[in-house]
Amino acid sequence: MAGEAQCLTYVGCNFLRQRLVLSTLSGRPLKIRKIRAKEEDPGLRDFEASFIRLIDKVTNGSRIEINQTGTTLYYQPGLLYGGSLEHDCSPSRSIGYYLESLLCLAPFMKHPLKIVLRGVTNDQVDPSVDVLKVTALPLLKKFGVDGESLEIKINRRGMPPKGGGEILFACPVRKVLQPIHFTDPGKIKRIRGTAYSVRVSPQMANRMVESARSILNKFLPDIYIYTDHMKGVSSGKSPGFGMCLTAETINGTILSAELASNPQGQGAAVLPEELGQNCAKLLLEEVYRGGCVDSTNQSLALLLMTLGQRDVSKVLLGPLSPYTIEFLRHLRSFFQIMFKIETKTPEEEHMGGEKVLMTCVGIGFSNLSKTIR
């Protein structure tokens, strides 16, 4: 097979999602060996297997081979197909784990994607659906992926360990992406947020709001935190509460922070007041880190810049997260693209932590499977 020559080989289970997403977009086959080979329970975990099944659902003609122990995975990508789908996510990771990768793939499907995902909507590990809704969708719009059909809707909330949440994600397709110049984050004008409580007293949400405001009011007057109390069928199967805060600037930058309570039966009980205050402090830390894209969406922004037209794109980011640094290495192996990275010291920018200006020329990726009407 001619494709075997370009097959990229990796070792270990780290960054599995990045590798599968980039392999699907670049069309290059992929082999991952020694997945947790030395552990007592070797091979792929249930959430990774669920993720591979999801990739299989949104593509057409993918070839996936996994050996008996689950320690070796061979993936030959097919065409991104899309359409109306449903997927039950593994409750050991939140829906955000799956949604982050779908956000990278959705604009390049053949048919507009409309997918219902079921599982845990908010946990302590992955970005929650709330955060992706308020930060990732505006980012996609900047690259020209917009329209009425771009939405994330939470039908039911589900907290760990049992989940029971449900969301709808819909995204239109685009033939090409626009290059962006997004280098001035601007000053913060308002803070918005959601305090949610599921199968606990509705008072929990109000207590979180009050404690978060006690910190944020010193910083800004325009603060509005919604309370979202789900009851009955729409509240999932496990109790819990949490908060998601976003700071918006005059130039349309959105920075976010979030916290959720410990899952039922695990760890010490968290006071809503404490959680609200810690979430507010996390938001202020994210504001200090700054940049035009918050740390959850750095890799999404860099991927969309890479796939843009053959033109220069620039974006100012806060300090790069370890996940983003590995993502840049993967972009180089799959697309042979290098970013120009310039550091900006706080003195030059007059604010916050060190910033990084990322510049690249897009590869001119065109959505070949989009039918021309």
- Identify all aspartates and glutamates with a Cα-Cα distance to Lys38 below 19 Å; exclude those on the same chain that are fewer than 8 residues away in sequence. Asp46, Glu48
- Query: Excluding same-chain residues fewer than 8 positions from Lys114, which lysines have a Cα within less than 27 Å of its Cα?
  - Reply: Lys57, Lys133, Lys141, Lys142, Lys153, Lys162, Lys175, Lys231, Lys237, Lys370
- Task: Work out the FRET efficiency for Lys189 and Asp56 from their Cβ-Cβ distance, taking R0 = 56 Å, and round it to the nearest 0.05.
- Result: 0.80
- Query: Given the rule -39500 (n - 2.57) for each run of at least 4 DSSP H residues, summed and divided by the residues of the chain, what is its mean residue ellipticity at 222 nm, to the nearest 500 deg cm²/dmol?
  - Reply: -9000 deg cm²/dmol
- Message: What number comes out for accessible area per residue over the stretch 1-80 if the probe is 1.4 Å? Units Å², please.
- Response: 49 Å²
- Message: Taking amide H atoms as placed 1.01 Å from N in the peptide plane, list the residues 5 or more away in sequence, or in a different chain, whose amide H sits under 5 Å from that of Gly362.
- Response: Asp311, Ser313
- Within the stretch 195-215, which residues have the backbone N less than 17 Å from the label spot 7 Å out from Lys231 along Cα→beta-carbon, could you tell me? 196-207
- By per-residue mean of other Cβ atoms within 10 Å, what is the highest-first order of 109-120, 180-191? 109-120, 180-191
- If you find the alpha carbon centre of the stretch 54-100 and of the stretch 259-306, how far apart are they in angstrom? 27 Å
- Message: Per-residue counts of other Cβ atoms within 10 Å, averaged by peptide: what ranking do you get for 88-95, 315-322, highest first?
- Response: 88-95, 315-322
- Query: How much of the DSSP beta bridge set in the chain is antiparallel, as a percent to the nearest 5?
  - Reply: 70 percent
- Which length gain, in nm to one decimal place, applies between Lys344 and Glu39 when the Cα-Cα distance is subtracted from 0.36 nm times their residue separation? 105.6 nm
- Message: What figure, in Å² to the nearest 10, do you get for the accessible area of Val270 with a 1.4 Å probe and non-protein molecules left out?
- Response: 40 Å²
- Query: Residues with amide H under 5 Å of Gly163's amide H, sequence separation 5 or more or different chain, H placed in the peptide plane at 1.01 Å from N; which?
  - Reply: Lys237, Ser238
- What is the list of residues in the stretch 143-162 whose amide nitrogen lies under 13 Å from a point 7 angstrom out from the Cα of Val200, following Cα to Cβ? 159-161
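Roll a 1.4 angstrom probe over the protein heavy atoms and tell me the percent of accessible area of the stretch 158-317 that is carbon or sulfur.
C and S atoms contribute 51 percent here.
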- Which whole number in µm²/s is D for the chain by Stokes-Einstein, with the Kirkwood Rh taken over Cα pairs at 20 °C and 1.002 mPa s? 100 µm²/s
- Item | For the stretch 293-361: rounded, prolate or oblate by the Cα gyration tensor [a/c cutoff 1.5] | prolate
- Message: Counting heavy atoms of the protein chains only and a 1.4 Å probe, report the per residue accessible area for the stretch 198-310 as a whole number of Å².
- Response: 44 Å²
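The values are calculated or read from the model by the stated rules, or taken from the named source; none is laboratory data. For clarity, every value in this text was computed on a predicted model and none was experimentally measured. FYI the Cβ positions are ideal-geometry reconstructions off the backbone, even for glycines, and counts take in every protein chain you see. Just so you know, the surface numbers come from the protein's heavy atoms only, side chains and all, with ligands and any DNA or RNA stripped out. Shrake-Rupley method; radii C 1.70, N 1.55, O 1.52, S 1.80 Å.
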